1. Restricting to segment 103-134, give me the number of residues that are in contact with a Pro (Cβ under 9 Å, 6 or more places away or on another chain) and within 20 Å of Pro53 (Cα to Cα).
2. Can Thr122 be described as exposed (fewer than 12 other Cβ atoms within 10 Å of the Cβ), in the same structural domain as Val75 (by TED's automatic domain parsing), hydroxyl-bearing (Ser, Thr, Tyr) and under 22 Å from Thr82 (Cα atoms)?
3. Going residue by residue through segment 71-86, is there one that turns out to be in the same structural domain as Ser60 (by TED's automatic domain parsing), under 22 Å from the mean Cα position of the chain (by Cα) and surrounded by fewer than 19 Cβ atoms within 10 Å (Cβ to Cβ)?
4. If the requirement is being in contact with a Pro (Cβ under 8 Å, 6 or more places away or on another chain) and either at pLDDT 65 or above or aliphatic (A, V, I, L, M) (or both), which of these qualifies: Ala39, Ala100?
5. Restricting the search to segment 58-103, which residues are of a type in the set (S, T, N, Q) and free of Cβ contacts under 8 Å to residues at least 40 places away in the same chain?
Amino acid sequence: MSWYVSTTFWTGAAAVFTAVMAGFTGWSVVASQRQQRRALQQSEQHHQDGFRPVLVLAPSDDAIPLDRSKLLKLVPTNSGATERTYIIACLLTNIGVGPALNVHLLLRMRGIDGYGISRELTPVSAGLLGSRGESDGSIRVTFKPHDGFNDVDVQLSTGDPWELLLEYEDVFGNRFHTIHSKIPLQPWTVCGKGPAPLGVDPAVANERLRATSAGLSDHRDDTGYP
């Protein structure tokens with residue numbers, strides 16, 4: 001009888017041990033698969049980062065003037081002309097390591113999305129060959145006023161708070177953006193992944209920045225602005 005009990009005990013213990021080892025093996029397989037997927041994702045991300053473009057508007061004198069309003073000018077036109085032209089006193093430069101595709105240049109006024117102009121640009125290669133602009137270190141953008149941004153808006157635009165937005169993609173289809181602001185209190189260059197965030201009233205953004213600088217607030221919202 002004691003032999004039977006002992007055999008039953010060890011048989012049961014062996015079964016429990018086998019079940020535990022099977023569970024541990026299964027967990028190890030799942031954990032290994034997760035680790036492999038994570039490693040593959042990291043490897044793919046590193047691979048894509050090796051082709052990431054970074055488009056910026058670089059002032060022709062290589063410095064950001066305190067009065068940024070001089071970076072955007074409207075070319076005088078003859079009466080009856082249907083097109084208008086902005087001169088941006090900057091070079092469009094790709095300081096990243098990969099070409100920028102599906103490039104759009106947007107001028108956003110007063111932080112209001114859709115209030116301004118949008119122009120599609122040709123791809124911009126990386127490096128020095130990717131610099132785009134006139135011989136005087138400027139970019140000319142020609143457009144036609146429309147109902148949402150008519151000729152009166154155009155004439156007033158250079159005096160309003162503006163943002164120059166660049167939206168573009170890498171060779172994998174990932175989207176990126178760069179924002180340049182007229183307001184001196186804002187950083188000149190803000191880069192990020194995905195489409196450009198929704199606009200923020202410059203007055204509100206400046207109040208937040210002043211509060212943060214004074215130590216009254218550490219707030220940052222998801223737009224990338226203080």
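1. Of segment 103-134, the ones in contact with a Pro (Cβ under 9 Å, 6 or more places away or on another chain) are 103, 109-111, 117, 123-126, 130.
Next, only the ones that are within 20 Å of Pro53 (Cα to Cα) stay: 103, 123-126, 130.
Counting residues in segment 103-134 that are in contact with a Pro (Cβ under 9 Å, 6 or more places away or on another chain) and within 20 Å of Pro53 (Cα to Cα) gives 6.
2. No.
3. There is no residue in segment 71-86 that is in the same structural domain as Ser60 (by TED's automatic domain parsing), under 22 Å from the mean Cα position of the chain (by Cα) and surrounded by fewer than 19 Cβ atoms within 10 Å (Cβ to Cβ).
4. Working: Ala39 fails: in contact with a Pro (Cβ under 8 Å, 6 or more places away or on another chain).
Checking each option against the conditions leaves just Ala100.
5. Of everything in segment 58-103, those that are of a type in the set (S, T, N, Q) and free of Cβ contacts under 8 Å to residues at least 40 places away in the same chain turn out to be Thr77, Asn78, Ser79, Thr93.
Residue by residue, here is whether (1) hydrophobic (A, V, I, L, M, F, W, C); (2) more than 20 Å from the chain's Cα centre (by Cα); (3) in the same structural domain as Ala196 (by TED's automatic domain parsing); (4) more than 22 Å from Val200 (Cβ to Cβ) holds:
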| position | (1), (2), (3), (4) |
| --- | --- |
| Ala89 | yes, yes, yes, yes |
| Leu105 | yes, no, yes, no |
| Gly127 | no, no, yes, yes |
| Ser131 | no, no, yes, yes |
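The values are calculated or read from the model by the stated rules, or taken from the named source; none is laboratory data. These numbers were taken from a predicted model, which means no experiment stands behind them. When we count neighbours, we look across all protein chains shown, and the Cβ atoms used for this are built from the backbone with ideal geometry, even at glycine.
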